Structure formats: structure tokens, C-alpha cells
Amino acid sequence: AQKVTQAQTEISVVEKEDVTLDCVYETRDTTYYLFWYKQPPSGELVFLIRRNSFDEQNEISGRYSWNFQKSTSSFNFTITASQVVDSAVYFCALTESPSGGSNYKLTFGKGTLLTVNP
Amino acid sequence: KAGVTQTPRYLIKTRGQQVTLSCSPISGHRSVSWYQQTPGQGLQFLFEYFSETQRNKGNFPGRFSGRQFSNSRSEMNVSTLELGDSALYLCASSFENRGESGYTFGSGTRLTVV
């Protein structure tokens with residue numbers, strides 16, 4: 001069975017601080033996909049990144065970066081020089097390959113509420 | 001390219017009533033999944049439809065049902081509403097619902113049961 005754990009329920013930082021959101025996952029499949037989504041107060045889940053299990057390269061997109069480590073089953077997300085607009089709930093999610101029994105669903109972590117104060 | 005459209009955005013219903021929510025996926029996408037989001041349980045999978053066929057259903061009572069039409073639009077229905085059904089209902093659109101094709105979510109329908 002697939003499982004995603006986001007141990008940090010809430011994080012509060014001051015603007016311009018760097019912040020890392022942790023994500024640990026469990027899966028028995030060798031082919032799987034990891035995602036990060038941002039949920040602002042409006043409710044929509046905004047896609048941030050997708051990573052497949054065969055691509056362990058870290059990725060940087062502007063102030064955002066992701067560290068994928070299969071050895072520790074982690075897919076952490078760092079925001080550099082945080083801004084007030086980054087305040088939102090961030091979700092990490094996992095889906096396995098259909099042949100691996102994902103049953104065509106995403107499994108989400110509980111989310112981390114990030115508050116960036118001015 | 002239009003995004004995922006969910007209607008209505010907000011809904012208030014009374015216990016015992018039934019409700020129908022609608023989701024129009026991105027053009028060309030054949031998979032629609034539904035998720036329920038509550039403060040206590042987080043985001044939970046309800047069901048998934050692909051080319052009008054339900055391929056998987058989450059652990060929800062039979063009061064929750066859905067369907068998909070030939071144009072890929074999907075509806076979910078909740079009968080005999082309970083207070084605990086108050087939640088944000090999100091639908092996700094995907095080309096095939098395989099990890100590599102990704103998922104795009106709508107803005108959700110916020111249901112309040114009183």
C-alpha cells in the first residue's frame with residue numbers, strides 16, 4: 001500500500017527566510033510518481049512538480065527546489081527567500097504505476113500549512 | 001486551453017437531501033477522479049472514471065456515486081446527506097491517469113450540510 005507522510009503540520013517563517021517542507025513516502029512499486037501541489041485559500045490544488053522514480057535529479061525552478069532521495073524515500077521541497085505569497089498548504093502526493101496496483105489514485109500527505117509573515 | 005471546471009463552487013444543503021456536483025475536464029482528457037477534502041481526514045480518493053467506466057472506488061459508503069458521460073464530463077452524487085459530508089470536493093483531470101500524464105485539479109465545490 002502506498003503512504004505519504006508530511007510530518008510538519010504547520011511552519012511559520014519570516015519573509016526572505018528559506019524553508020524546507022518534508023515528504024516521506026512508502027511504496028512497494030519500483031515505478032511511481034511523486035508530486036507537490038500548492039493549495040491557496042481559494043482551494044484549488046496548483047501543480048508544482050512531478051518526478052518519476054527513475055529520475056533522481058534534483059530540480060530547481062526559480063525560488064523552488066526539490067530534493068528526491070530514493071535511499072531515504074524522501075522528496076523534500078525547499079523555498080528560498082520565501083515571500084508572503086508563498087503562504088498556502090502544500091501537499092506531497094504519490095501514485096504508483098497502474099500495473100503496480102495504484103488503482104488510478106493519488107495518495108496525499110496531510111499537508112503542511114506554510115505561513116510567511118512580512 | 002481551458003482548465004478543469006467544477007460547478008457549483010459553493011453549495012448549502014440540508015441533512016437528508018441529495019446533491020449532484022459536476023466536473024468538466026480539460027479537453028482531450030479521458031480520466032476524471034474525485035477527492036473529498038476535510039480538515040480531519042485530509043484528501044481522500046472517492047472514485048475514478050475513464051471513458052465512462054468506473055475503474056476504482058475509494059472507501060466511501062454507497063451514498064456516494066458518480067458517472068461519466070461520453071464527452072468525459074463527470075458528475076458525483078451524494079444521497080441522504082449527513083453533516084459529515086461537509087467538505088471540499090475536488091476533481092482531477094488526466095489524459096490517461098498514469099503518473100506521467102499528471103493531474104490537473106479544479107477549484108472544487110465546497111459543500112456545507114446543515
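Structure notes:
- Residue within the stretch B:51-61 that is farther than 26 Å from B:Ala2 by Cβ, among the small types (Gly, Ala, Ser) and modelled with pLDDT under 95 present: yes
- All of B:Leu88, B:Leu43, B:Leu11 fail the test of being aliphatic (A, V, I, L, M), touching a Phe, Trp or Tyr at 6+ places or on another chain (Cβ under 7 Å), touching a residue at least 12 places away in the same chain (Cβ under 8 Å) and not in a loop (DSSP other than H, G, I, E, B), apart from B:Leu43.
- Residue match in the stretch A:107-118 (condition: within 12 Å of the chain's Cα centre (by Cα), more than 14 Å from every other protein chain (Cβ to nearest Cβ) and not charged (D, E, K, R)): no
- Test: residue in the stretch A:74-87 that is surrounded by 12 or more Cβ atoms within 10 Å (Cβ to Cβ), part of a strand (DSSP E or B) and within 9 Å of chain B (Cβ to nearest Cβ): no
- Scan of the stretch B:46-62 for residues that are part of a loop (DSSP other than H, G, I, E, B) and within 14 Å of chain A (Cβ to nearest Cβ), ordered by number: B:Ser51, B:Gly58, B:Asn59, B:Phe60
- Hey, B:Arg98 modelled with pLDDT of 95 or more and either within 9 Å of another protein chain (Cβ to nearest Cβ) or surrounded by fewer than 21 Cβ atoms within 10 Å (Cβ to Cβ) (or both) or not: no
- Checking B:Ser93, B:Ser27, B:Ser33, B:Ser72 one by one, the residue that is in a loop (DSSP other than H, G, I, E, B) and either touching a helix residue (DSSP H, G or I) at 6+ places or on another chain (Cβ under 7 Å) or crowded, with 18+ Cβ neighbours inside 10 Å (or both) is B:Ser72 and no other.
- Looking only at residues of the stretch A:33-50 that are at the interface with chain B (Cβ under 7 Å from one of its Cβ atoms) and assigned to a strand (DSSP E or B), we find that the one that is surrounded by the fewest Cβ atoms within 10 Å (Cβ to Cβ) is A:Phe47.
- Of A:Val84, A:Val89, A:Val19, A:Val116, all but one fail to be at pLDDT 95 or above and over 30 Å from B:Thr5 (Cα atoms); the exception is A:Val19.
- Neighbours by Cβ (under 8 Å, 6+ apart or cross-chain): first from the stretch A:37-48, more than 14 Å from A:Val116 (Cα to Cα); second in a loop (DSSP other than H, G, I, E, B) and polar (S, T, N, Q): A:Ser42/B:Ser107; A:Gly43/B:Ser107; A:Glu44/B:Ser107
- Criterion: under 30 Å from B:Pro8 (Cβ atoms), in contact (Cβ under 8 Å) with a residue 12 or more places away in the chain and among the aliphatic types (A, V, I, L, M) - qualifying residue of A:Leu106, A:Leu94: A:Leu106
- Filtering B:Ser65, B:Ser74, B:Ser70 for residues that are under 18 Å from B:Leu111 (Cβ atoms), modelled with pLDDT of 95 or more and more than 14 Å from chain A (Cβ to nearest Cβ) leaves a single hit, B:Ser65.
The values are calculated or read from the model by the stated rules, or taken from the named source; none is laboratory data. Quick caveat: nothing in here was measured; it's all calculated off a predicted structure. Counting neighbours? That spans all protein chains shown, and the Cβs are built from the backbone with ideal geometry, glycine included.
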